[in-house]
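Single-structure report; data block below.
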Amino acid sequence: MPNFQFTDWLISCWCDPAASAEQAAILRGRQFHAVVRQLPLSSIGNTISALVLASVFWGQLDSWVLAGWTLLVSAIALGNAGLWWARRAVLPSSPVSVRAVRLLVAGIAASALAFASMSGYLYSAADGDGRLLLTAVLAAFIGMGSWMYSCLPLASILWSCILCAGLAVLFSSRPEAVYTYLMGLLAFYALVVWSTTLLTSRMFLNGLKFEAEIERQNQLVGLLLHDFEEHASDWLWETDRQGCLRHVSQRLAQAMGVSPAGLQGQHLVQRMAALSPHMVPAHAAMFRALEKCLAQQQPFRGMVVPARVAGQLQWWSLTAKPLRDSAGLWQGWRGVGSDVTAARQRELEMARLAHIDTLTGLANRYQFGKRLADYFAPAQPAGPCTLLLLDLDNFKTVNDSLGHAVGDQLLQTVALRLQSVVDPLALLARLGGDEFAVLVPGVLERPEAERLGTQLQAALAQPWLADGHRIAVQASIGVGFAPADADTAEQLLKVCDMALYAAKAAGRYRLRFFEPALALRAQQHLALLSDLGLALQRGEFVLHYQPQVDLASGALLGFEALVRWQHPLRGLVSPLDFIAVAEESGLIVPLGAWVLRQACVDAAGWPAHLRVAVNVSALQLGHADVLAVVDSALQHSGLPSPRLELEITESTLMHDSQAVLEVLHALRDKGVRVALDDFGTGYSSLAYLRSFPLDKLKIDRSFVSILDRADGDTSAAAIVQTIVQLAQALHLDTTAEGVETAAQFTLLRRMGCAQAQGYWIAQPMDAAQTRRFMTGWSAKLLLSL
Ligand code: C2E
Ligand code: CA
Ligand code: CA
């Protein structure tokens, strides 16, 4: 139990000890006002009582005294009433000084004294009835006054003390026993009256303190709300149970672009929905969600709805609590609204960015994956679809030789051109790098799919100018159908990948449909990868040699070494089937080292004027100990370095130009020759040809093979002629690759090309056949053909 201090309690009936001087003055003002309010009534009561008593005792006592006393009581009453009159317009909460309270108490005490003393005077002359009357009047005065002045305990207690004391004096002047009892009762009543006064006063004070606190809070909330309405972008709203707006704030009206009066009583949701007359279903669903929240009478937050104000689409977020009355009954809603347009736009933009490829603006891999997955979702199968996977055949060359900026431009152009062909209902996506996908919904027959593929290829085939280069983009395409080829999204992607791989393997600019045989081939590809490592250890690789001859004299100049894999089950495997895989896996480095060593050993046994050409991959040339490998091969075989020629491709030059340049110079210093293979298929610039130490250009087979075509395409001839002249200007040798006919041979000779290599001269042969070929070689026979 808390430590109860009577004095503390007593003081708390009087005033608030914790209050500041200012608050105390206000509390005093309230007490003062509560008493002053009663003064007219008590004054009238006092005056009437005085008149009644004077008239009852008129004639029995000195009339002057009676009249004077009555006048005195009336004067005091008039004074008190005057005080009330003076204070009537003053606010109850106005502060009051201690002095004013003392004056009021003095006035009340004076009335009590006047009555008490007059009663004593009347009592002396009163008979039994008169005494009863006086006792009753005084008792009533004690009760009424104490009650009336109870808000100001000093006044109330002084009033009752004086009257009780007066009564006690009267009772004590009577000898009858009944007055002794009355004295006892009086003392008891007095105690009860004082206690009640104190309790009432304390309750009144507590009530005042509570009111003051509420008032303070109201002021604070009012200030905060005012500040909120003034400065925040948010607005307050309040509705009744029907959802109709009440107390429309200026800011809400501003947000909606109308006057507050125009909104008063309007249905909030309907009014907001009316701002966007032609709503898309997703927006309508947001309003339905909001209405559902409102119907549930539960607090909600962050309900976002669209609003079109002055033609601009905005997004508003609503948060609200149900309004309840003191009985807990639901009365409506009160909440805050805020403009979240900027945040919403950021959100939408992020979502959009997550779904698009920023370079081309097409759908990205993520969006593509989601759409593709939708087709196979068990809940809502989207029916059949066709997938075309596109891969640009020469993108890597463009990127390596002309730089990433041109590469990016190329991809953007490709995206635009593909878009011009693809149906709006189909999804065109860039899956990454130079890989694109077209997902066509619905059934697409093979001929239609083929037509679409051809259109896509044709759109890309138009040459394109970048940085002064004419770039022809070609695409290989793999096609798969669902559900015919696949019943999951992953499977469809996989079969299209296989078809694409097959299209690329079959040469550039192809379109392939998936077929089960491809799956088998893909499996073989995987098996190949694991077999390849073992093959080198088991010594399963062999070298074949293809002769290179002088076009003018027909003399045999040397051989190109071409590797093959003698597979225990598959037989002789072409390098086209495993070089790319060896490059991917890095196995090309040890494999290339073996080829170099073996070719040098073989060549060392040939007549001394014959050279050997060895193909070297970019990865090998970039490898740290490429020079050591060449040295070791030459030393091991005893082959003089001028008899070794290394064939590199144009993309090798672009790889890490500075490092490659250093390696090539070092090779040149050793006396090793360098040939540029497949010349004409890349984008090497003249500057490159000048800056790299080269000995030979090998004109790519693709130009040679169309030289003698019947359709009279003269551009190939023009290109070959240009390459030959270019080579001559740069003092480079030229070897035409893939010479298959006598016509090609003759044409090349006429053009001034130095050397030739091809099936028409000889197919690549194993080491033993090569030796026989050398001995049987007759230049004259070749030229006479
Ligand atoms: P490449 O360096 O352009 O070699 C020439 C390819 O053309 C050889 O194919 C050859 O058999 C073929 N060929 C020669 N004359 C004719 C012709 O008249 N008509 C036709 N259609 N083709 C002809 P192969 O041996 O299959 O080699 C393919 C490619 O594999 C080579 O192309 C080369 O890039 C790569 N390769 C071969 N051996 C090696 C090697 O030891 N190391 C590296 N890194 N690559 C190699
Ligand atoms: Ca070659
Ligand atoms: Ca070649």
Legend entry - Evaluation of Glu645 against (1) modelled with pLDDT of 95 or more; (2) within 16 Å of ligand 1 (Cβ to nearest atom); (3) farther than 29 Å from Gly776 by Cα (one fails), failing number: (3)
Inset, instruction - Within segment 694-704, identify whether any single residue is over 59 Å from the mean Cα position of the chain (by Cα) and acidic (Asp, Glu), and answer yes or no. - result: no
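Among the listed residues Asp695, Asp700, Asp713, Asp677, identify the single one that is farther than 21 Å from Ile648 by Cα and either away from ligand 2 (no atom under 16 Å from the Cβ) or modelled with pLDDT of 90 or more (or both).
Numbers: Asp695 fails: farther than 21 Å from Ile648 by Cα; Asp700 fails: farther than 21 Å from Ile648 by Cα; Asp677 fails: farther than 21 Å from Ile648 by Cα.
Step by step, each of Asp695, Asp700, Asp713, Asp677 is checked, and only Asp713 is farther than 21 Å from Ile648 by Cα and either away from ligand 2 (no atom under 16 Å from the Cβ) or modelled with pLDDT of 90 or more (or both).
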Inset, instruction - Go through the residues of segment 517-529 one by one and say whether even a single one is more than 16 Å from ligand 1 (Cβ to nearest atom), of a type outside the set (A, V, I, L, M) and within 30 Å of Cys753 (Cα to Cα). - result: no
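Among the helices (runs of 4 or more DSSP H) contained in segment 245-304, which hold 1 or more residues that are under 17 Å from Trp315 (Cβ atoms)? Write out each step before concluding.
Numbers: elements: 250-256, 260-263, 268-275, 281-296.
Here the list reads 250-256, 268-275, 281-296.
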Legend entry - Leu596 near ligand 1 (Cβ under 10 Å from one of its atoms) and closer than 25 Å to Ala502 by Cα: no
Legend entry - Near pairs, Cβ below 9 angstrom, 6+ apart or cross-chain, from segment 219-242 (within 22 Å of Gln264 (Cβ to Cβ)) to any residue that is surrounded by 15 or more Cβ atoms within 10 Å (Cβ to Cβ) and modelled with pLDDT under 80: Asp234/Phe228; Trp235/Phe228; Trp235/Glu229; Leu236/Phe228; Leu236/Glu229
Inset, instruction - Pull up segment 412-443, narrow it to residues that are in contact (Cβ under 8 Å) with a residue 12 or more places away in the chain and part of a loop (DSSP other than H, G, I, E, B), then point me to the one that is surrounded by the fewest Cβ atoms within 10 Å (Cβ to Cβ). - result: Leu425
Legend entry - Number of positions in segment 460-489 that are under 17 Å from Pro441 (Cα atoms) and either of a type in the set (Ser, Thr, Tyr) or outside any loop (DSSP other than H, G, I, E, B) (or both): 7
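Scan Ala608, Ala659 and give me the residue that is surrounded by fewer than 21 Cβ atoms within 10 Å (Cβ to Cβ), more than 13 Å from ligand 1 (Cβ to nearest atom), more than 24 Å from Thr397 (Cα to Cα) and free of Cβ contacts under 8 Å to residues at least 40 places away in the same chain.
Working: Ala659 fails: more than 24 Å from Thr397 (Cα to Cα).
Only one candidate passes the filter, namely Ala608.
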Legend entry - Residues (outside any strand (DSSP E or B) and either acidic (Asp, Glu) or within 15 Å of ligand 3 (Cβ to nearest atom) (or both)) located in segment 542-579: Ser574, Pro575, Leu576, Asp577, Ile579
Legend entry - Criterion: in contact with a helix residue (DSSP H, G or I) (Cβ under 8 Å, 6 or more places away or on another chain) and farther than 18 Å from Asn399 by Cα - qualifying residue of Ala466, Ala475, Ala459, Ala449: Ala459
Inset, instruction - Among the residues of segment 427-446, write down those that are in contact with a helix residue (DSSP H, G or I) (Cβ under 9 Å, 6 or more places away or on another chain) and within 9 Å of Thr386 (Cβ to Cβ). - result: Val438, Leu439, Val440, Pro441, Leu444
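Out of the residues in segment 743-785 that are part of a helix (DSSP H, G or I) and among the hydroxyl-bearing types (Ser, Thr, Tyr), state the one that is modelled with the lowest pLDDT. Please lay out each step first, then the result.
At the first step, the residues of segment 743-785 found to be part of a helix (DSSP H, G or I) are 743-751, 767-776, 779-784.
When the remaining residues are screened for being among the hydroxyl-bearing types (Ser, Thr, Tyr), the result is 746, 770, 775, 784.
On the way: Thr746: 94, Thr770: 96, Thr775: 91, Ser784: 71.
Residue satisfying both the conditions and the ranking: Ser784.
Within segment 726-742, how many residues turn out to be touching a residue at least 24 places away in the same chain (Cβ under 8 Å) and either more than 16 Å from ligand 2 (Cβ to nearest atom) or in a loop (DSSP other than H, G, I, E, B) (or both)? Quick ask: steps written out before the conclusion?
Initially, segment 726-742 is screened for residues touching a residue at least 24 places away in the same chain (Cβ under 8 Å), giving 726-728, 730, 732-742.
Keeping just the survivors that are either more than 16 Å from ligand 2 (Cβ to nearest atom) or in a loop (DSSP other than H, G, I, E, B) (or both) gives 726-728, 730, 732, 737-742.
Final tally of qualifying residues: 11.
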Legend entry - Residue identified as over 23 Å from Gln598 (Cα atoms), away from ligand 1 (no atom under 13 Å from the Cβ) and touching a Leu at 6+ places or on another chain (Cβ under 8 Å) among Leu730, Leu707, Leu748, Leu667: Leu730
Legend entry - Residue list for segment 617-653, filter: closer than 21 Å to Ala582 by Cβ, part of a helix (DSSP H, G or I) and either touching a residue at least 60 places away in the same chain (Cβ under 8 Å) or among the charged types (D, E, K, R) (or both): Glu650, Ser651
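The values are calculated or read from the model by the stated rules, or taken from the named source; none is laboratory data. The structure presented is a predicted model; accordingly, all values stated were derived computationally and were not measured. FYI the Cβ positions are ideal-geometry reconstructions off the backbone, even for glycines, and counts take in every protein chain you see.
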